[in-house]
Amino acid sequence: MLDFRVATFLCVCQTMNFTRAAQLLNVTQPAVSQHIHFLEEAYGMALFRYENKKLSLTAAGQILRKRFVAMKNDEQELLAELRSQVSGIEEISLGVTMTVGEYAIMDPLARMLRAHPERNVRLVFGNTQQLLQMLAAGSIQLALVEGYYPQEEYEHTRYSTGDYIGVCAAAHHFAMPPHRFHDLLQERLLIREEGSGTRNILERNLALYGMKVSDFIHYTEVGNMHTIIGLLLRDAGISFLYRIAVEAELRAGTLREIPLTGFSMQHDFDFIWEKGSIYTDAYTAFCEELRSLAGEQDSSNFPDRQGRAGAGSNTPVE
């Protein structure tokens, strides 16, 4: 079991407040201070600094936090591994973003579960920022994200690469044919919530043109991909998202791509986990198996919105 002073340190890292950490741990504030002082004495350097009434981690504290988080997560995985020796049941928790979970991983995950009846998978949904927080808290072991993340802080491997496109209803009428982002500013933009990878990618692309989301006269923030697609189908706005999320609608001709000059973008879907984990080999094998199974699926077997198999295309859906 990890030293109780490590738990105190991680709680202070989470709250950046000794009093709040003491409340969460149900100990006194002097006890929290003693635990931190013990670690600073043991490692021979300060772990926190207090400036302008604000607590922050030192460079050493940041390194220690990363290593302790990996150790904490590994301990939870170790307990699951020990339990599996008795029950014969493997357990793994995987966090996924909305787009990935609903459109990019369903078929390969189903294949994996059929091939491994002894494996229990806990699938957790969240946007990219939420999943990073879950990894840090140790509530999930792996995450499959579509958005940007600090790659140097995580072990990572690519799952697939998706086309990122502009989309509108097939019958949508533009006042003038759009060729650039600026031509769309009169449109209502349907956009995911803050922290979403899909939104982050759009914001970064807009920034390349000196633009931001608020430059659109009308925009609607939606925390659910199904709702965005439903609004698109009802011609209630335009959106930017992964092609895989609207593959069925594009094939059916109910939605169409917005062609913008010079805008052609792909983005990776990545598996990530805590750097330095002793279970890196096991996680890598799990990810490689899912990636291999994803390569076997094709869009002719990918269900449309009504649950029917799509028709006509043999292009792999990644």
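The values are calculated or read from the model by the stated rules, or taken from the named source; none is laboratory data. What you are looking at is a predicted structure, and each value in this text was computed from that prediction instead of being measured. Cβ sites come from the backbone with ideal geometry, for glycine too, and all protein chains shown count toward neighbours. Keep in mind that these areas ignore ligands, DNA and RNA; they rest on the heavy atoms of the full protein, side chains included. Shrake-Rupley method; radii C 1.70, N 1.55, O 1.52, S 1.80 Å.
Considering only residues in the range 179-199 that are crowded, with 20+ Cβ neighbours inside 10 Å and not aliphatic (A, V, I, L, M), the one that is farthest from the chain's Cα centre (by Cα) turns out to be GLU187.
When restricted to residues that are open to solvent by less than 50 Å² (accessible area, probe 1.4 Å) and either small (Gly, Ala, Ser) or under 23 Å from ILE278 (Cβ atoms) (or both), the range 37-59 contains 2. Please find, within the range 111-150, the residue that is modelled with the lowest pLDDT out of those that are among the charged types (D, E, K, R) and open to solvent by 40 Å² or more (accessible area, probe 1.4 Å). In this case the residue turns out to be GLU118. Please verify whether the range 248-268 includes one or more residues that are open to solvent by less than 50 Å² (accessible area, probe 1.4 Å), among the aromatic types (Phe, Trp, Tyr) and closer than 30 Å to ALA294 by Cβ. For the range 248-268, residues open to solvent by less than 50 Å² (accessible area, probe 1.4 Å), among the aromatic types (Phe, Trp, Tyr) and closer than 30 Å to ALA294 by Cβ: present. Candidates in the range 87-110 are the residues that are touching a residue at least 12 places away in the same chain (Cβ under 8 Å) and surrounded by fewer than 16 Cβ atoms within 10 Å (Cβ to Cβ); of these, the one that is farthest from LEU142 (Cα to Cα) is GLY88.
Of all the numbered requirements in (1) within 30 Å of THR15 (Cα to Cα); (2) touching a Gly at 6+ places or on another chain (Cβ under 8 Å); (3) part of a helix (DSSP H, G or I), TYR148 misses one, and that requirement is (3). Comparison of VAL69, VAL27 shows that the only residue that is in a helix (DSSP H, G or I) and in contact with a helix residue (DSSP H, G or I) (Cβ under 9 Å, 6 or more places away or on another chain) is VAL69. Criterion applied to GLN62, GLN34 was being part of a helix (DSSP H, G or I), open to solvent by 50 Å² or more (accessible area, probe 1.4 Å), closer than 27 Å to TYR154 by Cβ and among the polar types (S, T, N, Q), and the one residue passing it is GLN62. Of the residues LEU109, LEU132, the single one that is closer than 17 Å to VAL69 by Cβ, assigned to a helix (DSSP H, G or I) and hydrophobic (A, V, I, L, M, F, W, C) is LEU132.
Scanning the range 219-271 for residues that are among the polar types (S, T, N, Q) and within 30 Å of THR284 (Cα to Cα) returns ASN224, GLN266. Do we have any residue at all in the range 212-226 that's in contact with a Leu (Cβ under 8 Å, 6 or more places away or on another chain), aromatic (Phe, Trp, Tyr) and without any contact (Cβ under 8 Å) to a residue 40 or more places away in the chain? Yes, the conditions are met somewhere in the range 212-226.
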